[in-house]
1. Based on the mean of other Cβ atoms within 10 Å per residue, sort peptides 146-154, 21-29 so the most packed one is first.
2. How much of the DSSP bridge set in the chain is antiparallel, in percent, rounded to the nearest 5?
3. How high is the FRET efficiency between LYS132 and ASN85 when r is their beta carbon distance and R₀ equals 45 Å, given to the nearest 0.05?
4. Rounded to the nearest 0.05, what FRET efficiency is calculated for LYS174 and SER38 with R0 set to 25 Å and r the Cβ-Cβ distance?
5. Within 10 Å of each residue's Cβ, count the other Cβ atoms and sort LEU98, LEU124 from fewest upward.
6. Could you tell me the calculated FRET efficiency between LYS61 and LYS189, based on Cβ-Cβ distance and R0 = 35 angstrom, to the nearest 0.05?
7. Can you list the HN-Hα couplings for segment 85-95, worked out from phi with the Karplus curve (6.51, -1.76, 1.60; θ = phi - 60°), rounded to whole Hz and with x for Gly and Pro?
8. Output the pairs from LYS9/LYS120; LYS129/LYS177; LYS48/LYS148; LYS31/LYS68 with a Cα-Cα distance over 29 Å in this structure; if there are none, say none.
Amino acid sequence: MVKLTGLKKIKTAVFISGTGSNLKNLIKFSKIKNSPLSIDLIFSNTSKAKGLRFSSQFKIKECVSSFKNPKVAEAKILNILKKENIKFICLAGFMKVLSKDFIKKFSGRIINIHPSLLPKYKGLNTHMKAIKNRDKMAGCTVHFVTAKLDSGKIILRKEVKISKRDTPTSLAKKVLKEEHKLYPKAILKIFS
Ligand code: GRF
């Protein structure tokens with residue numbers, strides 16, 4: 001478990017690949033007094049990620065590196081993480097799988113938000129799977145990242161009711177709203 005030492009906020013990087021609504025939410029959370037984290041770096045594997053606009057909006061350093069060659073990309077990230085003295089990583093809609101070696105270097109210090117009630121529906125298309133299986137509940141999970149995809153220790157989960165009229169899109173919207181509440185709560189839980 002990571003403990004907050006002194007009054008300084010823990011320097012954190014957020015990894016994204018897309019819209020970045022969770023990123024924006026984490027940035028806002030980081031600015032409140034009792035947030036244990038400050039967001040000091042945004043990493044994206046694509047320059048097309050809409051969420052990158054938040055780096056200029058909130059004056060946060062950004063780094064982009066495609067994962068065409070994952071080894072090269074990870075070396076570049078590790079370099080900047082070291083340079084910026086980043087101690088914690090939040091994955092937020094990051095669509096690439098980090099290597100064992102990378103995760104080992106940040107062991108216990110990388111967390112992720114996943115749009116399902118883990119351990120159910122690891123990987124992609126979680127909402128479609130929940131609807132197809134006629135589940136009554138969907139939801140989201142914040143968990144520690146380990147080398148095994150979406151399988152690290154669960155920090156917090158939140159259930160969301162699936163209605164008969166839900167489509168994967170409408171369900172994703174409902175779950176995302178809960179993700180925005182769950183991610184900060186999970187961070188507070190880790191550092192309390
Ligand atoms: C979220 O549903 C997250 O759980 C999943 O990808 C989506 C990212 O949304 N991994 P955003 O980019 O944070 O808006």
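Nothing in this text is a laboratory measurement; each read-out follows from the coordinates by a stated rule. Bear in mind the structure is a predicted one, so any value in this text is a computation, not a measurement. Heads up, the Cβs are rebuilt from the backbone with ideal geometry, glycines too, and the neighbour counts pull from every protein chain shown.
1. Working: 146-154: 14.4, 21-29: 20.8.
The packing order, highest mean first, is 21-29, 146-154.
2. Working: 11 of 29 bridges.
Approximately 40 percent, going by the DSSP bridge assignments.
3. Details: r = 45 Å, r/R0 = 1.00.
Efficiency computed from Cβ-Cβ geometry: 0.50.
4. Numbers: r = 30 Å, r/R0 = 1.20.
E(calc), rounded to 0.05, equals 0.25.
5. Values: LEU98 23, LEU124 9.
Ranking LEU98, LEU124 by Cβ neighbours within 10 Å, fewest first, gives LEU124, LEU98.
6. Values: r = 27 Å, r/R0 = 0.78.
Computed FRET efficiency for LYS61 and LYS189 comes out at 0.80.
7. Karplus-based 3J(HN,Hα) across segment 85-95 equals 6, 7, 10, 8, 10, 10, 8, 9, x, 8, 9 Hz.
8. Values: LYS9/LYS120 33 Å; LYS129/LYS177 19 Å; LYS48/LYS148 27 Å; LYS31/LYS68 34 Å.
Violating the 29 Å Cα-Cα cut-off are LYS9/LYS120; LYS31/LYS68.
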